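Have a look at the structure below before the remarks.
Values quoted throughout were computed directly from the atomic coordinates according to the rules given, and no laboratory measurement underlies them. Worth saying up front: this structure is predicted, and the values here are computed from it rather than measured. So basically every Cβ, Gly included, is an ideal-geometry build from the backbone, and we count neighbours across all protein chains shown.
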Amino acid sequence: MSYVTASGLTRQYDLSDPWFIRMITGRKANVLTAVNQVSFSIEKGTTYALVGESGSGKSTIAKMLAGVLAPSQGSVQIDGHDFNNPRLDNANKKMLRQRVQMVFQSPYASLNPRWKIGDILLEPINAFNLIEDKATRQKRVIELLEQVGMSAHDQTKYPHEFSGGQRQRISIARALACHPELIICDEPTSALDVSVQAQVLNLLKDLQQENGLTYLFISHDLAVISTMANKIGVLKDGELVEEGETSGLLANPQHAYTKMLLAAAPDIGAYIS
Ligand SMILES: Nc1ncnc2c1ncn2[C@@H]1O[C@H](COP(=O)(O)OP(=O)(O)OP(=O)(O)O)[C@@H](O)[C@H]1O
Ligand SMILES: [Mg+2]
C-alpha cells in the first residue's frame with residue numbers, strides 16, 4: 001500500500017452572493033471547483049511533485065493532505081488513516097497531526113515574530129508532549145538547529161534577525177521537531193534567490209535520505225521540481241492532466257500543457273542528469 005493515497009479529491013468553494021441578494025438581483029449561484037477528481041499516490045520515502053500555474057489548485061490539495069481543509073468529495077489516506085473519517089479516534093488524529101507537517105513559501109509569515117527561535121522549536125515538542133525532561137528538550141532544540149545547518153546560539157535570536165534562506169531552514173527544523181513522516185512543501189523556495197534556493201533544496205534532499213521522509217513538493221517551477229521529484233503530477237484548472245516518473249515525463253511529455261511548461265523552462269536541460 002502506498003504511504004499516501006488521494007482518491008477523487010474534489011474541493012468546491014461557494015462564491016455565490018447570499019440567497020436574499022440572489023433573490024433580488026436574479027444572479028445565479030456561483031460555485032468554483034478548485035480541485036476536481038484528483039487521484040494520486042506517494043510511496044514512502046519518495047517525493048511526489050505537483051506543478052501547475054497560479055490558481056491551479058496546488059495549495060488546496062496541500063491543505064487537504066495536511067488535514068486542515070476537508071474535501072468536498074473524495075478522500076486522502078495517510079498510512080491507512082483518513083483525517084476526515086468521523087470514526088478516527090483522538091489518539092490517531094493526534095498521531096496524524098504529528099506525522100504530517102507543512103513548510104510554506106513565506107517562512108516569515110509562518111514564524112511568530114515575537115518568539116525566539118528556541119521557543120518556536122520548543123512549541124511542537126511541547127504541544128505533542130514529545131520530551132518530558134527540560135534538559136533533553138533543550139538538547140533537542142540544538143540538535144534540530146544543527147540538522148538544518150544552523151547553530152546553538154541561534155536559539156536566542158528572533159526571526160527578523162535571519163535571512164530568508166535561514167528562516168526557511170528554521171521552518172524546516174520546526175517541521176522536523178515533530179518527527180514527521182510526510183512533509184508537505186508548498187513552494188518552499190519560491191521566495192529565495194537561486195543560489196539560496198539550491199542550498200535549501202539540497203538540505204531537503206539530505207533530510208529525506210537521513211530520515212526516510214516522504215514529500216509532497218509543490219512548485220510552479222518545473223526546473224526546481226525536476227531536481228526533487230521521483231514522480232510529477234501536472235495540474236491545470238484543478239485537474240491532474242498528466243502524471244509520470246520524472247525522467248519519463250520530462251523526456252516525453254504527452255499533454256499540451258506539460259509541453260508548454262517545459263518550453264517555459266529553457267534551463268531544464270541543466271537539471272536533468
Ligand atoms: N478560501 C477560498 N475561498 C474561495 N476560493 C478559494 C479559496 N482558496 C482558494 N480558492 C480558489 O481556488 C483556486 C485554487 O487555489 P489554490 O490556492 O489552490 O491555487 P495554487 O495552485 O496554490 O495557486 P498559487 O500558485 O498562486 O499558490 C483559485 O481559483 C483560488 O482563487
Ligand atoms: Mg498556492
Study note, to complete from the structure: Scattering profile of the stretch 48-141 from the Debye formula, Cα beads only, expressed as log10 I(q)/I(0) at q = 0.11, 0.20 Å⁻¹, is -0.46, -1.12
Check your understanding: Going by alpha carbons, how many degrees (0 to 90, nearest 10) lie between the helix axis of 194-211 and the longest principal axis of the chain?
Key -> 80 degrees
Review point. If all Cα-Cα distances of the stretch 133-215 are sorted into 10 Å bins from 0 onward, what percent lands in each bin, rounded to whole numbers?
Key: 17, 51, 29, 3, 0
Practice item. Please state the charge dipole magnitude for the stretch 4-271, taken about the Cα centre, from unit charges on C-beta atoms (+1 on K and R, -1 on D and E), reported in debye and rounded to the nearest 20. Key: 720 debye
Review point. Could you give the angle, 0 to 90 degrees to the nearest 10, between helix 90-99's Cα long axis and the longest principal axis of the Cα atoms of the chain?
Key: 80 degrees
Check your understanding: Counting other C-beta atoms within 10 Å, which of Met64, Met95, Met150, Met228 has the fewest, and how do the rest follow?
Key -> Met95, Met150, Met228, Met64
Revision key, fill the gap. Listed residues Val194, Val76, Val224; largest mean-square fluctuation, Gaussian network over the chain with Cα springs below 10 Å, found at Val194
Study note, to complete from the structure: Rg/Rh of the chain (Cα atoms, Kirkwood Rh), to two decimals, equals 1.00
Point to revise | Surface/4 estimate of mean projected area, convex hull on alpha-carbon atoms of the stretch 57-214, nm² | key: 9.9 nm²
Check your understanding: How high is the relative contact order of the chain, in percent, with contacts defined as C-alpha pairs under 8 Å that are six or more residues apart?
Key -> 24 percent
Exercise for review: Report the convex hull volume per residue for the stretch 178-273, counting only C-alpha atoms, in Å³.
Suggested key: 116 Å³
